[in-house]
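The values are calculated or read from the model by the stated rules, or taken from the named source; none is laboratory data. Computed from a predicted structure; not experimentally measured. Cβ: placed from backbone, ideal geometry, glycine included. Neighbour counts: every protein chain shown. To get the accessible areas, we keep the full protein, side chains included, count just its heavy atoms, and leave off ligands, DNA and RNA. Shrake-Rupley method; radii C 1.70, N 1.55, O 1.52, S 1.80 Å.
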Amino acid sequence: MIKVNTDYAYLSENVHDYQKEVSKLHQVLRTKTGQGSDYLGWLDWPMNYDKEEYERVKVCAKRIQEQADVLLICGIGGSYLGARAAIEFIQGTYPARALEVIYVGNTFSSSAIIRILNYIKDKRIALNVISKSGTTTETSLAFRLLRQHMEEKYSEEGARERIYATTDRQGGLLKPLADAKGYETFVIPDDIGGRFSVITPVGLLPIAAAGIDIDALMDGLKDAYADFDQESLDANPAYVYAVARRILEKQGKNVEMFVAYEPSLAYVGEWWKQLYGESEGKEGKGILPASVNFSTDLHSMGQFIQEGTKCLFETVLSVKVPELDMLFTHDDADLDQMNYLEGKSLDWVNKQAFKGTLEAHHDTGNVPNILIEIEDTTAYTFGYMVYFYFISLAMTCYMIDINPFNQPGVEVYKKNMFRLLGKK
Ligand code: PA5
């Protein structure tokens, strides 16, 4: 399902030399004895998920589709990136569906917030507020304004039928608020951190509401659960990726550039940056995750990658079979001199751009490239891929003795901001 190719990675060591270390850390991960093991709920989630709640997610998703033209997903970081990554990965950026999905609660920008309030004024809306802590300021601020807007528009009773809250079982402020208002609620398990929560109702409710088959996504997750429970580097591509990153870091490559050739994968890049950056970047360690979308960004970042400081390696996530394709057309006049592509498929053109770029960056630019290939952009593959990245992340972080599951650094800005805002 997922292939990892390190042939273009200029690895100075053999990945397989790390088998002993990987086997040891595999046991640490699977026996939940490593750092941060309180937050390993995602590991067995493909088998242990709450089946009753899962069915309720599907029922609510249908209700949202019936009651709204616009679904507002109110959350930030791990509380929205996964859902957005999934929805765009599977349906693209201009989906053919009735329900419009808008992401809110992820900014303090007054213009952005007011534009959305204006945009939804005369639309039928539903809202899914998502916050594990229930106290995230960006989300709480937008949610109050949107809640008031909805109560004015639909009455308190009408708003109650259209607001869904996904939050901690009991902690924080959102759960008591939702209970007081009578909103339907979904649980973010205690032992699953925000950036791993796309596989819980955090991701599943918005994804299902967007009309995506979440059973297929869960099937992908379950298959990945079985496939990646293998310590052998011969059998486990997630561990190959984990080790290759560490070898490249030792070679002085401190930046990993996530590369995709599909615009619909842009938010997979955003989601991946949070997953890897927030998990690994601590104690003065870690590889900086960055992302580009090719060929678009070859016309901007391409120059740096080709000839700039040799601080980075690329990891290309490529899709073997695109969702849509067509043959390039003929034009009698051929004034644009594009007839040489007549009869070629658009995806073939895209794949030649990939090959040519790999040759340029690797052969000419000496930029290491790890190649990850997925089969397609279905819901099944999304579920499978997400688990691949989780497992790989846990291994790669344990290899540098980092707790992958906390994020102490993000509190620093909050403290300063709260002081400036006068929060008690
Ligand atoms: O991964 C994380 O923990 C963070 O990115 C959170 O998801 C983000 O800060 C939002 O937090 P919350 O869900 O508590 O509102």
Qualifying residue in region 266-273 (condition: touching a Pro at 6+ places or on another chain (Cβ under 7 Å), modelled with pLDDT of 95 or more, open to solvent by 20 Å² or more (accessible area, probe 1.4 Å) and within 20 Å of residue 85 (Cβ to Cβ)): yes
Pick from region 208-225, criterion over 25 Å from residue 3 (Cβ atoms) and of a type in the set (A, V, I, L, M), ranking: surrounded by the most Cβ atoms within 10 Å (Cβ to Cβ): 209
Verdict on residue 146 being open to solvent by 60 Å² or more (accessible area, probe 1.4 Å) and of a type in the set (A, V, I, L, M): no
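More than 14 Å from the ligand (Cβ to nearest atom), in contact (Cβ under 8 Å) with a residue 12 or more places away in the chain and open to solvent by less than 10 Å² (accessible area, probe 1.4 Å): is that true of residue 159 in this structure?
Yes; evaluated as a whole, the condition is true for this residue.
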Some residue of region 110-133 being at pLDDT below 95 and within 14 Å of the ligand (Cβ to nearest atom): yes
Residues that are among the small types (Gly, Ala, Ser), over 25 Å from the mean Cα position of the chain (by Cα) and open to solvent by less than 80 Å² (accessible area, probe 1.4 Å), drawn from region 1-41: 23
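Of the residues in region 184-224, how many are away from the ligand (no atom under 16 Å from the Cβ) and not β-branched (Val, Ile, Thr)?
Of the residues in that region, 16 qualify.
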The lone exception for residue 379 - which of (1) of a type in the set (Gly, Ala, Ser); (2) within 24 Å of residue 253 (Cα to Cα); (3) open to solvent by less than 20 Å² (accessible area, probe 1.4 Å) it fails: (2)
Condition met for residue 365 (in contact with a helix residue (DSSP H, G or I) (Cβ under 6 Å, 6 or more places away or on another chain), in the same structural domain as residue 224 (by TED's automatic domain parsing), more than 18 Å from residue 241 (Cβ to Cβ) and surrounded by 12 or more Cβ atoms within 10 Å (Cβ to Cβ)): yes
Some residue of region 41-62 being touching a helix residue (DSSP H, G or I) at 6+ places or on another chain (Cβ under 8 Å), part of a strand (DSSP E or B) and either farther than 30 Å from residue 230 by Cα or more than 16 Å from the ligand (Cβ to nearest atom) (or both): no
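Within 16 Å of the ligand (Cβ to nearest atom), open to solvent by less than 10 Å² (accessible area, probe 1.4 Å) and among the aliphatic types (A, V, I, L, M), is that true of residue 73? Let's see the steps before the verdict.
Values: within 16 Å of the ligand (Cβ to nearest atom): yes; open to solvent by less than 10 Å² (accessible area, probe 1.4 Å): yes; among the aliphatic types (A, V, I, L, M): yes.
So residue 73 passes the test.
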Cross-chain or 6+ apart pairs with Cβ under 7 Å, region 62-80 first and more than 12 Å from residue 206 (Cβ to Cβ), then open to solvent by 10 Å² or more (accessible area, probe 1.4 Å) and of a type in the set (S, T, N, Q): 76/106; 76/136; 77/274; 78/274
Cβ-Cβ under 7 Å pairs, at least 6 apart or on other chains, region 191-208 side touching a residue at least 12 places away in the same chain (Cβ under 8 Å) and assigned by TED's automatic domain parsing to the domain that holds residue 279, far side more than 10 Å from the ligand (Cβ to nearest atom) and outside any helix (DSSP H, G or I): none
Residues that are within 16 Å of the ligand (Cβ to nearest atom) and open to solvent by 20 Å² or more (accessible area, probe 1.4 Å), drawn from region 277-308: 277, 278, 281, 282, 286, 289
